[in-house]
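One structure below.
Read-outs: derived from the displayed coordinates by stated rules, not from any lab. As the structure is a prediction and not an experimental result, all values here were calculated from the model. Glycine gets a Cβ as well: all are built from the backbone with ideal geometry, and neighbour counts include every protein chain shown.
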Amino acid sequence: MTDNIIVTQQVSKIFGGLTAVNKVDLEVKRESIFSIIGPNGAGKTTLFNCISGFYTPEHGEVLYEGESLRGKSTDVIAGLGISRTYQNIRLFSNLTTIENVLVGQHYRLKENWLDAVFNTRRYREEEKSSIEVGVRWLNFVGLHGLGNTPARSMPYGAQRRLEIARALGSNPKLLLLDEPTAGMNPQETLEMTTLIRRLRDEFGITIVLIEHDMHVVMGISDQIAVLDFGQKIADGTPKEIQSNPRVIEAYLGPGGAALAKKYSRKK
Amino acid sequence: MTADTSSDLRRKSRQLIKLIRPLLGGIVGLFLVYRLYIVLIVEHPYGPDTWTRLLIAGLILGGVYSLVAIGYTLVYGILFMINFAHGEVMMIGAFSGYFVFEALNAIKIQDSNFLNTYAYFSVLIAFIVGMTVSALTGYFLEKIAYRPLRKAPRLVPLISAIGASIFLQNAVELLFSPQLRNYTNPTFLTRGAGWTININHSNVIIPYTGVFSFVLSAVLLIILYTIVRKTRLGRAMRAVALDKKTAALMGVDVDSTISKTFILSGALAGAAGVMWGIHNGLVYYYTGFIPGIKAFTAAVLGGIGNLPGAMLGGMFLGIVESMGPAALGIDFQLKDVLAFVILIVVLIFKPSGLLGESLAEEKV
Amino acid sequence: MNKFLKPVFVLCIAAFLFAGCAPAATPAPTAAATEAATAAAPTVASTTAAAPEAVCASDPFGCASFAPGTTVKIGMGAPMTGGNASYGIDISQGATIAVADAGDVHGWKFELDAEDDQGNAEGGAAVANKFASDPSIVAVAGHIFSGATAAAVPIYEKVGIPMLSPSATNPALTTTGSKVFNRIAFTDTNQGSAAADYLFNTLKVKNLALVHDGSDYGKGLADIVGAQFTKDGGAVVVEQAITPGETDYTAVLSAVASKSPDALFFGGYTAEGAIICNQMKQTGLDKAIFFGDDGTYGADFLTRTGANGEGAYASIAPASPDSAAKDAFNTAYLDQFGKAPGTLSPYTWAGYDAAAALASVVKTVAFVGSDGKLYVPRTALVTAVRNLKGYVGLSGTFTCQSNGECNVDKPQFVVVKSGAWVPAQQ
Amino acid sequence: MKKAALRQSFNTGIIFGIAHIFCVLIAFNAMLGSLLVKIVGIKSSATTPLASALIAYAVLLGLWAGITAARRKREASGKERLQASLITGFSVGLMAALLVAVFQVLLSDKINPRDYLTNLSFPFMRACLFQLGAFLGIAANFLIFFLSSFLGGLFVFIWNLPAVTSAWHKAFSAPKVWIAKLRGETGKQRRITNIIFYALLFAVIAILPIEWGSYWNYVMGTVGLYVILGLGLNIIVGLSGQLVLGYIAFFAIGAYTMALLNAPEPHNWMWGFWPALILAVILAALSGLIIGLPLMRLRGDYLAIVTLGFGEIIRILLKSDVLTSFTGGPRGIQDIHGPTLFGKPFNDIDYMYLIILAVILAIYIYNRLQHSRTGRAWLAVREDETVARATGVDTQRYKLLALMIGAAFAGLAGAIYASRNAFTGPDEHSLMASINVLCLIIVGGMGNIPGTLLGAFALKGLPEILREVENYRMLVFGALLVAMMIIRPEGLIPSQRPTLELPEDSPNPNPPDLAVRSEAKPTGEDPHDR
């Protein structure tokens, strides 16, 4: 049992000519919050897709709890305890919020269609318990009493939170958040960051998130990796990253370092 | 049972599924090859003359299929809906052509009649009228039955199309009676007549009507292709196909583009209908149904939404239907079975048709 | 919701049992039981009760009774919509004229009730049930397609409505020992074997190609021909089936041609027959004889084939091809429906005959009761139809056998000479 | 009156005029008219339509035109409405007059168009002129349409008088309130009323088959079978979102299993009804599995066409010469022996109850599944397959399951169908049948039970009711289908998700502790466990 929950070794993903992810090594500590940052098109989401099994990388391995995920299909990987959210929200929009969370719990439950038909004890118990769990998760992400509203008819921020609740449904050990605070106002952003922290502190869920909002990233991350043109150009603690010239260059272009210094001195 | 054993089972079942697809495809493929070997090498029951005849029949059929299939593909490419009434549009075209010929045949000129004195001209008229009427049908079909359903769930327009198809069929039946009409061709297109070539001591006839319709369909397909690839309308169509909202923002009039698409596909169906009538010489209210289904199959076979795909699919289907049963030595009654089996096998290995969709929906 | 389904479930089982027992309790024979259960026709029930006539009381199916001013209905189940509509419409039109010609029975007029059965079993059974529960239907001229007929027969059996089908040729129909089903359709067995003999002996055909349209009619005929022909000593070199409704059979014909047969027997109807006859020339079958059946006979074949049709054979029932009655009918049909009979289907005359024959039989059994109503005893009618003898119609002379075959004469063969059907040399 | 509005109402008239011409050319006017006068009690002769009938039809169409024209704009003054109806009436009348004028020409020149337009016999054309001769006939046509359209306008005008509308609203809203009261406010009362409602409903269902005679037993039996089919297809299309066009193939498999096992021809294995029924269901499910396995990768319309192909393959094979010896070929299989009840064979009433039972079973299963983990997994697959897989749903497995269960439903329906008709043949199972079932579920409202019931009745019951309109029924049916889709794209009864009973929200949202999750694990062995 290593203390790294997920490790990527030299992972590369190539679309036609372009190499979206190029020999990326990551080591994510158990129960840590790990941020992946980088300019648009740096291959962050592609990396997520490689981890959660949408893509199989051309080269390299993704090790989860020390064992390779190669050849495992997406749902199995989800079953192993990796769940994720999406950059552009993808809920089951015609289902109610509670149903979304129940689908999230799918893998965890045992009941099959015959149970349902014969209304067995297992069916009744699982329905009851799963609904309880679902409601608690909804409350946890702050969607009190919205259980029976259709997902599509909810405000943007609420949909993001619902997506997280759905992801939590399967009691994940690792949670991949793709831009959780995108398009949120400062207030919502703050709530989201506290939420993420609580996830780690109260349930010991390891969190890997893609984020553009530097305040959020610097605020909550233990570890940060920076991708640029599919390559990892740096990783380390927020401090190291902030002072890493390559990163600043990647973000602000050549000669950005000086600006950054000025900026940090002001702060 | 514990979770991991069950997940083991699931992995096994998944492997099974993974394995079964190529297995099934392989079996069918092997069978086809085996039959081919038996028939062509061992028995070889048919001489070259027969093969030529079969090929000719296949090409002609394929030409018509392609034309109709293009109609499906055009509409599908833009609206992602199966225009089920397309076959009926073709049938209406065939009927208009029939009426034109009847009318011209009735006009007396000295000892002959208009149809035969100005044969080429009358054929031209027939095609113009047929294509116009079909185009109009397509236009109004879209305006009445499909446009109100732009925003509706995907299956709703399909049902509307089915309703329209039933309606059109019965309307034509009630108007013109269920009688089977036979085309009166001008003499230079007499059915059955044609160039004769002698292949191992038996005359193989290449019918004029067949050559005519084949050439015509080829020409029309080329014209259409240039329209879609080169012209402004074509660009608009492709834009709408890719993304209606954006296209509209870019100043493309989506509605009119869609209407024009329907007009185009209708016109093609009309031409196909008239050709069908001239070559096979028989039209009635049910004429459109079978070619419609076949053409739809052809469109999917080639990769629906993909113009060259539709052409290829049409040709392929036509040839399979005419030569396939002979080549595999099975009953001609089973040609449709053969066609569909091949379709299934193709789709097993290339899930989006021979040439693939040109406008695939978003994947991951 | 699902909370309530369970009690409902139980309730329904209870209902089912209760209902299941109900008919079982009544000691009456099945037919009567159904009669009672279907509550068919309060009128029937009332007449059987109220009618003074012993006949109706003794008749297990009772009588159909008609108050003055009502009409005696003859039903017809036919495909009026869908791909085979032309047959249904044509035959029912023929029957309409027949009913009009039939005049009246003791002052009651006849009426044709033609219903759409779409030619399939589902529709056939639907129409049959409709007729069965309509007390004013005394007999059914139909059904048209064998599928619909097969599904309809058992239903008429239960209520004692006699059938006389103009065109359901499926041999199996008369082998199930049905009392009500009869047909004036030309029996495949005789036609087929006769055609085979004619091909072999008279036309001196040695190698025969069989092509049929995959319908029960066409295939049945082709099989019989094939069997008889081989028994005669000829060789069936190739047997192929086509897909009906298409218009290009050159491929299959080319395959047939490669076996170079002397003649091609086609089992099927005019539409496909004409196309095949046309396309034989261009597919290397120009030397082979086209030999059709009674389904391909008719004026329409000539117009469709034109010059290609020369020398094509067909077999018909030995009717006087053009009698005065037939001419009268033809003119009547033409000016009422605007088409020459035989254009929509070859069975126009058969349709007329079926309805007319039934009407004539009804006349023999119907009687006016003391209460001024017209009574038609059903069982009597069933037996009377089965005993039909020497009825001269437009499409033949009909005498029903014990199994319900009413048209078993040897067929007569006709050939196209200079654009007209003429009797072929025997 | 504004020019645009004027043109608009004129065009409305033209459209109705075209509709009118079409109706006349297919002699729909005669049929509809004779129906109308039949209601009044005038019997019309079969051959030539009565003038009265045609007038009735004309008035109806005119009224409709006038009403449509007048109702075009929401906020329009009464005057405008009347004007609109007048103008529309004028243009419709014009078209009608032109048509009959043409008829008059044909009549006077003795030109017979029947070879092409089969309905235009001389007597018919004279009837269209109301037997009034040239001038009067044309004038009459114009006037009837003009006046009746104006009448329609007047009707709308009166309708929109504030007094009338308010009165109507009062009258209309009253029963709603009343029903609401009856259903009761609290959940408990509702439940009770529901129970009573269902009890009544099923009491009626239990009585009806004995009451309404063999014909309606048959028709409603067919409807019932199509309900089962609809539910089955709903599992596939409505829940798991796979478009399957060859669904009737599974029906065919069920029917043929029953037929082959219980008919003297061609095999004379006499298994008896119940074993055959069970085998039919199993075989259908298996065939679903077999066709499904290789095709689970296919999306939307590709699956549609492939399954369509599958359906056609089954049908053609059933009637082909190759299998004739086994399946009876094109002749189909007749004289199928049905089940017996206390030693006597089933009659139509017994079958009706059997079907009712089967329907209730189907509804029950469907309902259980719909609200279970399985059902939710299906819905997830329908909504977004990729995400569903990423949330741990084995999508291929569930798509297959849906296909199998749906196929099993079809097998059940098919077996009962074949046994009830005592006959089945290959042409029963044509493409149109599959399409009918698809229409059924979409017309009714996809993915919900009441919708399916309603749809089945609409699709199978309606044509029987439409028998009145004879040869026009398929025409009317097609038109209705289009109209229905345009008016209610979501189907007659749009389906919405159930409201689950959720435990009360605790004031301080405490996270789910592990204890709850361990409870979720089932205790003891379960035979159904995978």
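Can you check what the Kirkwood hydrodynamic radius comes to for chain C, Cα pairs only, in Å to one decimal? Could the numbers behind the result be given before it?
Numbers: mean 1/r = 0.0435 Å⁻¹.
Here the Kirkwood hydrodynamic radius works out to 23.0 Å.
Dividing the alpha-carbon radius of gyration of chain D by 2.2 N^0.38 Å (N being the number of residues), what value is obtained? It would help to have the intermediate numbers written out before the result.
Working: Rg = 29.1 Å, N = 530, 2.2 N^0.38 = 23.9 Å.
Here the answer is 1.22, to two decimals.
Per DSSP H run of at least 4 residues, take -39500 (n - 2.57); add these up for the protein assembly as shown, divide by its residues and hand me the 222 nm value, nearest 500 deg cm²/dmol.
-19000 deg cm²/dmol
In nm, what is the difference between 0.36 nm times the number of residues separating residue B:187 and residue B:116 and their Cα-Cα distance? All intermediate terms of the calculation are to be shown ahead of the outcome.
Numbers: separation 71, 0.36 × 71 = 25.56 nm, distance 0.64 nm.
Length gained between residue B:187 and residue B:116: 24.9 nm.
Could you run the Debye sum over the Cα atoms of the stretch D:214-487, one equal point scatterer each and no solvent, and tell me log10 of I(q)/I(0) at q = 0.07, 0.13, 0.15 Å⁻¹, two decimals?
Normalising to I(0) and taking log10 leaves -0.24, -0.85, -1.12.
Run the reach check for residue C:158 against aspartates and glutamates, Cα to Cα strictly under 19 Å, same-chain hits fewer than 8 apart removed. What comes back?
By straight Cα distance, residue C:158 reaches C:35, C:59, C:122, C:134, D:211, D:335, D:348, D:350.
Which of the three applies to chain A, rounded, prolate or oblate, going by the alpha-carbon gyration tensor with a ≥ b ≥ c and a/c under 1.5 meaning rounded? Show your work: numbers first, answer last.
On the way: a/c = 2.22, a/b = 1.55, b/c = 1.43.
Judged from the Cα gyration tensor, chain A comes out prolate (a/c at least 1.5, a/b above b/c).
At R0 = 56 Å, how high is the FRET efficiency between residue D:172 and residue C:71 if r is their beta carbon distance? Nearest 0.05 is fine. Spell out each step's value before the answer.
Numbers: r = 45 Å, r/R0 = 0.80.
For residue D:172 and residue C:71, the calculated efficiency is 0.80.
Where Lys and Arg each count +1 and Asp and Glu each count -1, what net charge lies around residue C:347 among other residues with Cβ under 11 Å from its Cβ?
Numbers: positive: none; negative: C:90, C:294, C:353.
Taking every other residue near residue C:347 into account, the sum is -3.
Taking the Cα atoms only, what angle lies between the long axis of helix C:146-159 and the longest principal axis of chain C, rounded to 10 degrees?
Once rounded, one gets 20 degrees.
How much of the pair distance distribution for the stretch B:223-324 lies past 23 Å, counting alpha-carbon pairs only, in percent? Please list the in-between numbers first.
Details: 1922 of 5151 pairs.
So the pairs more than 23 Å apart make up 37 percent of the total in the stretch B:223-324.
So for the stretch B:13-162, averaging the separation of alpha carbon pairs under 8 Å that are six or more residues apart and normalising by length, what relative contact order in percent results? Don't skip to the answer; put the middle values down first.
Values: 83 pairs, mean separation 30.1, N = 150.
RCO, the stretch B:13-162: 20 percent.
Residues with beta-carbon under 15 Å from that of residue D:338, excluding residue D:338: net charge, scoring Lys, Arg +1 and Asp, Glu -1?
On the way: positive: C:158, D:344, D:420; negative: C:157, D:335, D:348, D:350.
Neighbourhood net charge equals -1.
Distance check, please: which entries in B:18/D:399; B:18/B:335; C:130/C:389 exceed 24 angstrom between their Cα atoms? Walk me through the numbers on the way to the answer.
Details: B:18/D:399 15 Å; B:18/B:335 30 Å; C:130/C:389 30 Å.
Long pairs (Cα-Cα over 24 Å): B:18/B:335; C:130/C:389.
Run the quick spin-label model on residue B:223 and residue D:139: label points 7 Å from Cα toward the beta carbon, then report their separation in nm to one decimal.
For residue B:223 paired with residue D:139, the spin-label model returns 5.1 nm.
Give me D:403, C:344, D:357 ranked fewest to most by other Cβ atoms within 10 Å of their Cβ, as a rough exposure proxy. Don't skip to the end; give the middle numbers.
On the way: D:403 30, C:344 26, D:357 17.
Listing D:403, C:344, D:357 from fewest to most nearby Cβ atoms yields D:357, C:344, D:403.
Helix A:156-168 versus the longest principal axis of chain A: what is the Cα-based angle in degrees, 0 to 90, to the nearest 10?
70
What is the angle, in °, between the Cα long axis of helix D:51-71 and the longest principal axis of the Cα atoms in chain D? Nearest 10 is fine, range 0 to 90.
With rounding to tens, the tilt is 80 degrees.
Based on the Cβ-Cβ distance of residue B:15 and residue D:323, what FRET efficiency does E = 1/(1 + (r/R0)^6) give at R0 = 41 Å, to the nearest 0.05?
Step by step, r from the Cβ atoms, then E = 0.75.
Taking amide H atoms as placed 1.01 Å from N in the peptide plane, list the residues 5 or more away in sequence, or in a different chain, whose amide H sits under 5 Å from that of residue A:59.
For residue A:59, whose amide H was placed from the backbone, the distant partners under 5 Å are A:12.
What whole-number distance in Å separates the alpha-carbon centres of the stretch D:297-370 and the stretch D:450-480?
Taking the Cα centre of the stretch D:450-480 as reference, the centre of the stretch D:297-370 is 22 Å away.
Mean separation of Cα pairs under 8 Å and 6+ residues apart, divided by the residue count of the stretch C:291-350: what relative contact order is that in percent?
On the way: 43 pairs, mean separation 23.4, N = 60.
This gives 39 percent for the stretch C:291-350.
What is the local net charge at residue D:122, summed over the other residues whose Cβ is closer than 12 Å to its Cβ (Lys, Arg +1; Asp, Glu -1)?
Details: positive: D:110, D:114, D:126; negative: C:335, D:109.
Local charge sum for residue D:122: +1.
Within chain B, which DSSP H helices have Cα atoms that stretch 24 Å or more along the helix axis and a mean Kyte-Doolittle hydropathy of at least -0.5?
Counting only whole DSSP H runs, the qualifying helices are B:3-36, B:48-79, B:86-106, B:119-141, B:155-176, B:208-230, B:254-280, B:307-328.
Among D:417, C:369, D:296, pick out the residue whose Cα is farthest towards the positive end of the charge dipole of the protein assembly as shown, where Lys and Arg carry +1 and Asp and Glu carry -1 on C-beta, about the Cα centre.
The Cα lying farthest towards the positive end belongs to D:296.
Based on alpha-carbon positions alone, could you give the equivalent ellipsoid semi-axes of the stretch C:200-282 from the gyration tensor, as √(5λ), descending, whole Å? Let's see the in-between values first.
Values: eigenvalues 82, 44, 20 Å².
Equivalent ellipsoid semi-axes, largest first: 20, 15, 10 Å.
If you place +1 on the Cβ of every Lys and Arg, -1 on the Cβ of every Asp and Glu, and leave all else neutral, what size is the dipole of chain D about its Cα centre, to the nearest 20 Debye?
Dipole about the Cα centre, nearest 20: 1780 debye.
Between exposed trypsin sites (Lys or Arg not before Pro) in chain B, where DSSP calls loop and at most 11 other Cβ atoms lie within 10 Å, what's the longest gap? Display every interim value, and only then the final one.
Numbers: sites that count: B:151, B:363.
Answer from the scan: B:152-362.
Per residue Cα convex hull volume for chain B, in cubic angstrom? Present the calculation step by step, with values, prior to reporting the outcome.
Numbers: hull volume 65.8 nm³, N = 364.
Once divided by residue count, the hull of chain B is 181 Å³.
Where a Cα-Cα gap under 30 Å defines reach, which lysines qualify for residue C:204, not counting those fewer than 8 residues away within the same chain?
Those lysines meeting the cut-off are C:219, C:231, C:259, C:281, C:287, C:410, C:417.
Could you let me know the centre-to-centre spacing of the stretch C:213-245 and the stretch A:1-43, using Cα atoms, in angstrom?
Using only Cα atoms, the two centres lie 71 Å from each other.
Suppose the chain between residue D:38 and residue D:21 were pulled fully straight at 0.36 nm per residue; how much longer would it get relative to their current alpha carbon spacing?
Values: separation 17, 0.36 × 17 = 6.12 nm, distance 2.32 nm.
Full-extension gain reported as 3.8 nm.
If I take all pairs of Cα atoms in the protein assembly as shown, what percentage of them are more than 46 Å from each other? Please list the in-between numbers first.
Numbers: 623890 of 1258491 pairs.
Counting pairs separated by more than 46 Å, the tail of P(r) holds 50 percent.
Can you give the relative contact order of the stretch C:199-356 as a percent, counting alpha carbon pairs under 8 Å and 6+ residues apart?
Reported relative contact order: 19 percent.
May I ask you to sort B:131, B:91, D:432 by Cβ crowding, counting other Cβ atoms within 10 Å and putting the fewest first? Write down the numbers at each step before the final one.
Numbers: B:131 24, B:91 31, D:432 16.
Ordered by Cβ neighbours within 10 Å, fewest first: D:432, B:131, B:91.
Please arrange B:59, B:328, C:334 by how many other C-beta atoms lie within 10 Å of their C-beta, fewest to most.
Values: B:59 18, B:328 21, C:334 14.
Listing B:59, B:328, C:334 from fewest to most nearby Cβ atoms yields C:334, B:59, B:328.
Pop a pseudo-label 7 angstrom from the Cα along the beta-carbon direction at both residue D:208 and residue A:56 and give the gap in nm to one decimal.
5.5
So how far apart, in nm, are the two label points at residue B:144 and residue D:186 if each is 7 Å from Cα heading toward Cβ?
Rounded to a tenth, the inter-label distance reads 5.6 nm.
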